[in-house]
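Participant: Dumping the structure here so I can ask a few things about it.
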Amino acid sequence: ISKKIKKITKKYRVKFLINDNFKLAAKLKADGCHMGQLDGPIRVARKMLRNKILGITCHNSKKFALASLNLKVNYLAFGSFYKSRLKPNAVKANLSILTWAKKKLNIPIVAIGGITNKNYKKLIQSGAKYIAISSFIWDNPKLKPELAIKKFK
């Protein structure tokens with residue numbers, strides 16, 4: 001499956017990141033890994049992934065964000081900003097964390113959690129450089145993935 005995904009990501013010049021599993025990301029020679037706070041030691045992931053992309057979720061925590069900067073991550077993710085079927089018990093984040101991060105941190109900021117074509121603009125305006133979208137595309141009872149993606153274009 002990863003070989004097929006790599007062909008697609010290469011064709012469209014986008015990065016192939018594995019979620020939550022830095023060992024799998026290294027094995028598959030993915031472009032990087034996104035990790036949550038409980039997905040393993042970031043220092044070990046950084047060593048294993050060397051020059052690959054490594055990002056970490058900081059939920060709504062300035063403390064996590066500041067500590068993560070010392071771990072040589074490539075981006076910080078904050079969220080969940082909205083209710084999500086994928087992670088219904090996720091920590092709720094406030095838009096103010098994005099404003100703070102954009103002002104105080106010199107690193108790309110990603111917003112995650114329950115993002116749709118109707119609510120993403122607030123996240124960008126508040127300071128997110130990127131948005132991570134999953135359920136709206138892959139678990140949307142009203143739209144097929146291609147149409148869901150087009151809603152953002």
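Participant: Hey, can you find the accessible area per residue of segment 73-133 for me, probe 1.4 Å, expressed in square angstrom?
Facilitator: Each residue of segment 73-133 exposes 58 Å² on average to a 1.4 Å probe.
Participant: Pairs 10/104; 63/102; 29/63; 83/150; 7/118: which exceed 27 Å Cα-Cα?
Facilitator: Beyond 27 Å: 10/104; 29/63; 7/118.
Participant: Using a ≥ b ≥ c from the Cα gyration tensor of segment 92-153 (square roots of the eigenvalues), is it rounded, prolate or oblate, where a/c under 1.5 gives rounded and otherwise the larger of a/b and b/c decides, a/b for prolate?
Facilitator: Note, shape of segment 92-153 comes out prolate.
Participant: Ok, one more. Looking at the chain, which longest stretch skips every one of the chymotrypsin sites (Phe, Trp or Tyr not before Pro) that is in a DSSP loop with at most 13 other Cβ atoms within 10 Å, leaving the sites themselves out?
Facilitator: Result for the longest clean stretch: 13-151.
Participant: Between residue 94 and residue 144, with labels modelled 7 Å along Cα→Cβ, what's the label distance in nm to one decimal, could you check?
Facilitator: 4.3
Participant: If you don't mind, another one. Of the heavy-atom accessible surface of segment 3-153 (probe 1.4 angstrom), what whole percent is carbon and sulfur?
Facilitator: 56
Participant: Next question. Check which residues have an amide H placed less than 5 Å from residue 131's amide H, if you skip close sequence neighbours.
Facilitator: Here the answer is 111, since their amide H atoms fall under 5 Å of that of residue 131.
Participant: Tell me, what is the FRET efficiency for residue 74 and residue 153 to the nearest 0.05, using R0 = 22 angstrom and their Cβ-Cβ distance as r?
Facilitator: My answer for the efficiency is 0.30.
Participant: Using modelled amide H (1.01 Å from N, peptide plane; none on Pro or chain starts), what sits under 5 Å from the amide H of residue 18, excluding residues fewer than 5 places away?
Facilitator: Answer set, sorted by chain and number: 32, 33, 34.
Participant: Treat every Asp and Glu Cβ in the chain as -1 and every Lys and Arg Cβ as +1, leave all other atoms uncharged, and give the resulting dipole magnitude about the Cα centre to the nearest 20 debye.
Facilitator: The calculation lands at about 520 debye.
Participant: Anyone know which of 73, 44, 110 comes out most mobile in the 10 Å Cα GNM of the chain?
Facilitator: So, out of 73, 44, 110, the one fluctuating most is 44.
Participant: Shifting gears a bit: Which entry is the computed Rg and Dmax of the Cα atoms in Å for this structure: (i) 14.6, 43; (ii) 15.5, 51; (iii) 15.4, 42?
Facilitator: This structure yields the entry labelled (iii).
Participant: Enumerate by residue number the trypsin sites (Lys or Arg not before Pro) in segment 23-125 meeting two conditions: DSSP loop (anything except H, G, I, E, B), and at most 15 other Cβ atoms within 10 Å of the site's Cβ.
Facilitator: Hits after loop and neighbour filter: 29, 50, 72, 83, 85, 92, 118.
The values are calculated or read from the model by the stated rules, or taken from the named source; none is laboratory data. Everything quoted here is computed from the prediction, not taken from an experiment. Cβ atoms come from the backbone with ideal geometry, glycine included; neighbour counts cover every protein chain shown. Accessible surface is based on the protein model in full, side chains and every heavy atom, while ligands, DNA and RNA are left aside. Shrake-Rupley method; radii C 1.70, N 1.55, O 1.52, S 1.80 Å.
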